[in-house]
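Asker: Just passing along the structure, written as structure tokens.
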Amino acid sequence: AAGRTSSGDGAEGDDAGTRPAAPRVSGGTPQVTAVDAAAAVGAASARRHDAAPAAAAVNSARGGQQRVAPSPRHPGAALQAQQQALHQLGHQQRPSEPPLHSDLERLICAVTPVLMDPGQDGPPLTLADLWAQYDEASVYGREVLTLGGRRRPAHAYFVPLLSGMQLWAPVPEGRALNDALASEHQRVYAAEGARRGGTVHMKLLMQHSVGENPYSRQPLSVAMRTLAQRPALGGRSLLYDTRLDQLHPASWYAVAWYPVYRIPDAALTARFLTFHAIVPQRPQSEQNLPPPPGRPPRLVVPVEGLMWDNMQDEQWFPRIHDTGGLAAADQEAGAGDDPRLLKKIDKWEIDHLRNNAKLMARSTGLHVQNDNGWRPLGHGDFQHGDFEFFLRRMADI
């Protein structure tokens, strides 16, 4: 695969916005005000110097109200009380800050498919439900709020391109496995470790790697409909009608996200390759919580592997203050990221995502039966062109 970059001229934008007002403290803890801090300062001054001027200063701060400070038991007690009062005052009046997130964390949140859990009484989820999550992005691009880069803040848009996939079906132990192992027309594979799930053995339903230039490809939704017309790849019955719960956990697909444009207009060059294991699961932030009122439980197909390229001077990894309040404005308008799906991603997690991408793209941890028993699958068994392209060009963070 080969790629090119989109370009545009942009000027630096000025950050705007005001800090939120200091929160009011409620509950059983008394509110510490500037008057109480002045009282502590006055008490310390009275202890060391003259009580009359200090009392006058306290009364002036209180608007003339009298308040007698307790007598300290030792010379350092008044100073300690003063420092404690000032510390409580500063802690209380410090404005609350929204959680910081990086542009990469917002991108991963934005490109994570979200499915409604049908429950036990609803129709089972199929691959058609999964591909439908890319319909809107295939037309308009997936919107990602970015605070880094030449013009910040801004909204960046990326188009999803199908990159590759492997679909596996479990082979249960017993007669089905014995028949498969004895068959000359069907190869049996085995997964190990984290890629195994509950079943060791499986059979390959289809695998596909896209080799066209990314700028010559159709968006993912269009590409899937085109693939479904090819009987050699299983047709629509496989690529759309297959139930997600009938796939082996080793099944995955990859999406290349290429830049389209940014509003306000500015250079947008970064591109990403995301890998998704086709194992829907409850969002981590909702696993022990009921869904919000009026909304059914959700399932996500999270990003399990990640590669990137051509970031240039775009700041995707640092956590930047949203001084303009753009993220909050998006949420109020019903757009932007769902805060329940945003999660912190540190350098260890990024390294883990890169390693997972390699495991999927190169079939690491999978074995195939042959005349001599089992052999591990290697780089030559499945060529994922986009992964190799990103691997050669990806820079460290």
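The values are calculated or read from the model by the stated rules, or taken from the named source; none is laboratory data. Values in this document were obtained by computation on a predicted structure and should not be read as measured data. Note that each Cβ is placed from the backbone with ideal geometry, even for glycine, and that neighbours are counted across all protein chains shown. What goes into the accessible areas is simple: the full protein's heavy atoms, side chains included, and nothing from ligands, DNA or RNA. Shrake-Rupley method; radii C 1.70, N 1.55, O 1.52, S 1.80 Å.
Asker: Measure off, as a whole percent, the carbon and sulfur share of the 1.4 Å-probe accessible area of segment 235-275, all protein chains present.
Answerer: Roughly 52 percent, rounded to a whole number.
Asker: When the accessible area of segment 352-397 is computed with all protein chains present and a 1.4 Å probe, what percentage of it is carbon and sulfur?
Answerer: 46
Asker: Moving to a separate point now. Would you mind getting me the FRET efficiency between residue 169 and residue 295? Use the beta-carbon distance for r and R0 = 35 Å, nearest 0.05.
Answerer: 0.60
Asker: Let me ask you something else. Want the number for residue 381 to residue 260: 0.36 nm per residue separation, take away the alpha-carbon distance, what's left? Each step should come with its number before you reach the end.
Answerer: Values: separation 121, 0.36 × 121 = 43.56 nm, distance 3.35 nm.
Length gained between residue 381 and residue 260: 40.2 nm.
Asker: Here's something else I'd like to know. If packing is taken as the average number of other Cβ atoms within 10 Å across a peptide's residues, how do 133-145, 356-368, 159-171 rank, most packed first?
Answerer: 159-171, 356-368, 133-145
Asker: Further question on the same structure: Taking the Cβ-Cβ separation of residue 117 and residue 218 as r and a Förster radius of 30 Å, what is the calculated FRET efficiency to the nearest 0.05?
Answerer: Values: r = 30 Å, r/R0 = 1.01.
Rounded to the nearest 0.05, the efficiency is 0.50.
Asker: Still on this structure: Using alpha carbons only, what's the Rg to Rh ratio of segment 98-191 with Rh from Kirkwood? Working shown, then result.
Answerer: Working: Rg = 20.7 Å, Rh = 17.6 Å.
Here the Rg-to-Rh quotient is 1.17.
Asker: Here's another thing I want to ask about it. For segment 127-185 and segment 293-309, write down the distance between their C-alpha centroids in whole Å.
Answerer: Each part reduced to its Cα centre gives a spacing of 11 Å.
Asker: Could you tell me which GluC sites (Glu not before Pro) in segment 164-262 are loop residues by DSSP with no more than 10 other beta carbons within 10 angstrom of their beta carbon? Mind dumping the intermediate values first?
Answerer: Numbers: sites: 173, 184, 192, 212; in loops: 173, 184, 192, 212.
The qualifying sites are 184.
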